[in-house]
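S.K.: The structure that follows is given in the form of structure tokens.
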Amino acid sequence: MKLIQQRGYRWLAAICLVAGAGTAHAAINNGAPLIQASGTGSSGELYLNVWDALATTSYSIDLGTTVDDFLAGKQLSRTWSLDQKFVDWASSTSDPLTFNVAGNSSYLGTGNANYGVVLSRREGASAPGGIAMTTLATWTTKVRDRANALNIAQVAQNPGATATDFEADLSEVTTSTFPTSYFNKAWGTTMSIPGWIGSAVVRNGETPDQNLDLFFVHSPGGTVLGSTQAAFDKLDGFLSLDVANAKLVWTSNVAPVPVPGAAWLFLSGILAALRLQRRTVAA
């Protein structure tokens, strides 16, 4: 029995290590068919942008979660802990702060329903109108290019790192003197998408912090033309930025699925059998 328990602990430890590996932080995967300068392409990663307009500085970080993985687990709430660089930056910033989140997943062909982008939008903002696939293609390019620009800045601020170093936990702080990575140069509150209300404001005096909705704007799948309408999926939850505790939080509005009564009975039976076996061995 002790041998079985020891092996069980080892299996449990191995499972935990595998589960943890899937959420490791990395340099931002831009989600294009070619990752940065090389590679065959894979699902891009979500990244956070935060802006202090008064002090003209901005912060960004890779969230270590791919678009595909996030969408697969969107019904689960999750928390990303930000790094010490954010803590130091936030402690020296002015009020208010503006933030948004994005991620590109255009590594698949336009005929695949997983081709698209995740974009934040201020909670409560009016629903966006329809766009054609040609427009979606330009959106994926903008989100991809933002990831590339941030990676260049992150590499410059992290000696020894490269833009394809997906094992590193890279973030960056820039000022208005940076031509591309600074929040309001080639990105901004609209994510460089005309009319898109992509950002929320926090730490704004007596005004309550704003939250963000998340949209997955993607191909409908199948045979598509440039004029084909893209699909807009509003995810059931919201993002909030907890500046004081250096956390970004996704709160899912999907109620957890209760475990069926039969499953509880099955587990209870296993536990009862184990207790009986222990008593038999002890006797």
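The values are calculated or read from the model by the stated rules, or taken from the named source; none is laboratory data. Since we're looking at a predicted model, the values are computed, not measured. In this analysis, Cβ positions are derived from the backbone assuming ideal geometry, glycine residues included, and neighbour counts consider all displayed protein chains. With ligands, DNA and RNA removed, areas are computed over all heavy atoms of the protein, side chains included. Shrake-Rupley method; radii C 1.70, N 1.55, O 1.52, S 1.80 Å.
S.K.: Restricting the search to the range 51-96, which residues are small (Gly, Ala, Ser), under 21 Å from Ala27 (Cβ atoms) and surrounded by 14 or more Cβ atoms within 10 Å (Cβ to Cβ)?
M.R.: Correct list: Ser58, Ser60, Gly64.
S.K.: Also, quick follow-up: Take the range 158-179 and flag every residue that is of a type in the set (S, T, N, Q) and at pLDDT below 85.
M.R.: Asn158, Thr162, Thr164
S.K.: What are the residues in the range 109-118 that are in contact (Cβ under 8 Å) with a residue 24 or more places away in the chain and either touching a Cys at 6+ places or on another chain (Cβ under 7 Å) or open to solvent by 10 Å² or more (accessible area, probe 1.4 Å) (or both), if any?
M.R.: Thr110, Gly111, Asn112, Ala113, Asn114, Tyr115
S.K.: If you don't mind, another one. Out of (1) of a type outside the set (Ser, Thr, Tyr); (2) part of a strand (DSSP E or B); (3) modelled with pLDDT under 95, what's the single condition that is false for Gly41?
M.R.: (2)
S.K.: Since Asp95 meets every condition but one in (1) more than 16 Å from the chain's Cα centre (by Cα); (2) modelled with pLDDT under 95, which condition does it not meet?
M.R.: (2)
Each row is one residue, and each column tells you yes or no for (1) surrounded by fewer than 24 Cβ atoms within 10 Å (Cβ to Cβ); (2) in a loop (DSSP other than H, G, I, E, B).
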residue	(1), (2)
Tyr107	no, yes
Ser120	no, no
Pro128	yes, yes
Leu136	no, no
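S.K.: Right, here's the next one. Every residue in the range 61-84 that is among the β-branched types (Val, Ile, Thr) and part of a strand (DSSP E or B), please.
M.R.: Correct list: Ile61, Thr65, Thr66, Thr79.
S.K.: Moving on. Mind checking whether some residue in the range 10-20 is surrounded by fewer than 20 Cβ atoms within 10 Å (Cβ to Cβ), modelled with pLDDT of 95 or more and of a type in the set (A, V, I, L, M, F, W, C)?
M.R.: No: the range 10-20 contains no residue that is surrounded by fewer than 20 Cβ atoms within 10 Å (Cβ to Cβ), modelled with pLDDT of 95 or more and of a type in the set (A, V, I, L, M, F, W, C).
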